[in-house]
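Novice: Quick one: the structure is below, questions incoming.
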Amino acid sequence: MHCFRKVTNDLYWVGGSDRRLELFENLFPIPRGVSYNSYLLLDEKTVLFDTVDNSIGRQFLDNITALLNGRALDYLVVNHMEPDHCSMIADLMLRYPDMQIIGNAKTFPMIRQFYALNLDSKTIAVKEGDTFSSGTHTFRFLMAPMVHWPEVMLTYDETDKVLFSADAFGTFGALNGAIFNDEIDFDRDWLDDARRYYTNIVGKYGMQVQNVLKKASALDIRFICPLHGPIWRNNLAYLLEKYDIWSSYRPEVKGVMIAYASMYGNTENLANVLACKLADAGITNLTIHDVSRSDVSELIADSFKYSHIVLASPTYNGGVYPAMSNLLEDMNALGIKNRTVAVLGNGTWAPTSAKLMEARLAEMKGMTLLTENFAVKSALQDDQLEDLDELCAKITETLTD
Ligand code: FEO
């Protein structure tokens, strides 16, 4: 049975949600599921904006079949060619053989690469600023390379002021009937997943997201229709501000994330003692992660969220504990920068982890390091409490700057 919702007078959400998938991109845990959004416009010509993932293909086809009600699908706009949004293209070409595909110069080679389809006489190539009319609606195309792949573009409906934003402004999380931001408590229930989605999927491409924000600021936008998560139809400034903060690598909150690795609890104790000292000093925005327990995507999200990061790790095989090493690799890959950082090492006979972690952090831009080879031997000792007090004071001072 079809299951769609109306967005504007003649625009419909025809996507769906997957609550069974464990790992998005076979990598990121999504306990709240994920939605794949697609939008169908019933104008003088019919226009579909992106398709969906295979997993909800049947629902998607039911939706557009019901809405088209015997009409043909005239155009498919492909804003993004990642398979979670384009895996139904071949099915649509079979069902609607006269359908034209609107994309840019980078879109069509990807369609051929993924699906080996013959696109002869089926494509309309657009470039930055080009417009297209479906009858009463006029669309403008804005290129958004690397948000999140090189072929990504945004489509702006000048008639109804709708921005089809591809992955931008999307989030993990299934849509549970409510599809608009004013039907949910985004700040309470969705923000953590939105941050985790942004930082892990698009975090590396902050400069490109800033370019998109500049383009968006020149438009009169009433609706933002992303490919994942809720549609925005009010309070757009809230979302745009979050994206501006994340994409400029500014901390969202002044506070401390402590991420520790610990085999037998001694490095965990070191992290806990520091956390208690920080709390005693009046720091309230504090969070602690065990890197062996928290998924690295959560650690990345909190690295973007907090102004201060404390990393604590034992020495392992002469190096850094693997889960901590993985976090550092991901932080570097995703371009996190401009944080105040402290490093705590541990080692029983040859502690090297502190120095090695410091070297890894030095590869990242704008990191201010508050420690220099701070290491305990096996466990925190009484004569090191003073050093920890000094570190606590430095963190507190820099937090209240
Ligand atoms: Fe949701 Fe970049 O795909």
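Novice: Checking the condition aliphatic (A, V, I, L, M), surrounded by fewer than 21 Cβ atoms within 10 Å (Cβ to Cβ) and over 22 Å from the mean Cα position of the chain (by Cα), which residue from Ala279, Ala312 passes?
Specialist: None of the other options fit; the residue is Ala279.
Novice: Could you please find all residues in segment 60-117 being more than 16 Å from the ligand (Cβ to nearest atom), within 25 Å of Phe169 (Cβ to Cβ) and crowded, with 20+ Cβ neighbours inside 10 Å?
Specialist: Correct list: Asn63, Ile64, Tyr75, Leu76, Ile101, Ile102.
Novice: If you go through segment 247-268 one residue at a time, how many are part of a loop (DSSP other than H, G, I, E, B), open to solvent by 20 Å² or more (accessible area, probe 1.4 Å) and among the hydrophobic types (A, V, I, L, M, F, W, C)?
Specialist: 1
Novice: Do you know which of the residues in segment 118-151 that are away from the ligand (no atom under 16 Å from the Cβ), in contact (Cβ under 8 Å) with a residue 24 or more places away in the chain and surrounded by 16 or more Cβ atoms within 10 Å (Cβ to Cβ) is farthest from Lys45 (Cα to Cα)?
Specialist: Leu142
Novice: Could you tell me which numbered condition Gly229 fails, if it satisfies all but one of (1) outside the structural domain of Gly203 (by TED's automatic domain parsing); (2) within 15 Å of the chain's Cα centre (by Cα); (3) in a loop (DSSP other than H, G, I, E, B)?
Specialist: (1)
Novice: Turning to a different aspect of this structure: Check Val341 against each of (1) open to solvent by 30 Å² or more (accessible area, probe 1.4 Å); (2) of a type outside the set (Phe, Trp, Tyr); (3) not in a helix (DSSP H, G or I) and name the one condition it does not meet.
Specialist: (1)
Novice: Another question, then. Go through Tyr264, Tyr205, Tyr260 for me and flag whichever is over 19 Å from Ser17 (Cα atoms) and out of contact with any strand residue (DSSP E or B) (no Cβ under 9 Å at 6 or more places or on another chain).
Specialist: On inspection, the qualifying residue turns out to be Tyr205.
Novice: Sticking with this structure for a sec: In segment 152-181, what residues are away from the ligand (no atom under 13 Å from the Cβ), surrounded by 22 or more Cβ atoms within 10 Å (Cβ to Cβ) and of a type in the set (Asp, Glu)?
Specialist: Asp157
Novice: Report every pair of residues separated by at least 6 positions or lying on different chains whose Cβ atoms are under 8 Å apart, first residue within segment 311-340 and closer than 20 Å to Tyr205 by Cβ and touching a residue at least 12 places away in the same chain (Cβ under 8 Å), second assigned to a loop (DSSP other than H, G, I, E, B) and among the aromatic types (Phe, Trp, Tyr).
Specialist: Pairs found: Gly335/Tyr249; Ile336/Tyr249; Lys337/Tyr249; Asn338/Tyr249.
Novice: Anything in segment 222-240 that is in contact with a strand residue (DSSP E or B) (Cβ under 7 Å, 6 or more places away or on another chain), away from the ligand (no atom under 16 Å from the Cβ) and over 17 Å from Asn9 (Cβ atoms)? List them, or say none.
Specialist: Once the filter is applied, which keeps residues that are in contact with a strand residue (DSSP E or B) (Cβ under 7 Å, 6 or more places away or on another chain), away from the ligand (no atom under 16 Å from the Cβ) and over 17 Å from Asn9 (Cβ atoms), segment 222-240 yields Trp232, Leu236, Leu239.
Novice: Is it the case, given these coordinates, that Ile101 is in contact with a helix residue (DSSP H, G or I) (Cβ under 9 Å, 6 or more places away or on another chain) and either modelled with pLDDT of 95 or more or outside any loop (DSSP other than H, G, I, E, B) (or both)?
Specialist: yes
Novice: Let me ask you something else. Consider segment 169-200. How many of its residues are part of a loop (DSSP other than H, G, I, E, B) and either of a type in the set (Gly, Ala, Ser) or closer than 19 Å to Phe223 by Cβ (or both)?
Specialist: Here the count works out to 10.
Okay, residues lined up against (1) surrounded by 23 or more Cβ atoms within 10 Å (Cβ to Cβ); (2) farther than 18 Å from Val152 by Cβ:
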| site | (1), (2) |
| --- | --- |
| Gly203 | yes, no |
| Val212 | yes, no |
| Leu219 | no, no |
| Asn235 | no, yes |
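Novice: Just a yes or no: is a residue in segment 356-365 farther than 22 Å from Pro251 by Cβ and assigned to a helix (DSSP H, G or I)?
Specialist: Yes, because at least one residue in segment 356-365 is farther than 22 Å from Pro251 by Cβ and assigned to a helix (DSSP H, G or I).
Novice: All but one of (1) over 14 Å from Val7 (Cβ atoms); (2) away from the ligand (no atom under 16 Å from the Cβ); (3) crowded, with 24+ Cβ neighbours inside 10 Å hold for Leu41; state the number of the condition that does not hold.
Specialist: With respect to (1) over 14 Å from Val7 (Cβ atoms); (2) away from the ligand (no atom under 16 Å from the Cβ); (3) crowded, with 24+ Cβ neighbours inside 10 Å, Leu41 is out only on (1).
The values are calculated or read from the model by the stated rules, or taken from the named source; none is laboratory data. Being a predicted model, the structure only gives us computed values, none of them experimental. In this analysis, Cβ positions are derived from the backbone assuming ideal geometry, glycine residues included, and neighbour counts consider all displayed protein chains. Ligands, DNA and RNA are stripped out before the accessible areas are found, and what is left, the full protein with its side chains, is counted by its heavy atoms. Shrake-Rupley method; radii C 1.70, N 1.55, O 1.52, S 1.80 Å.
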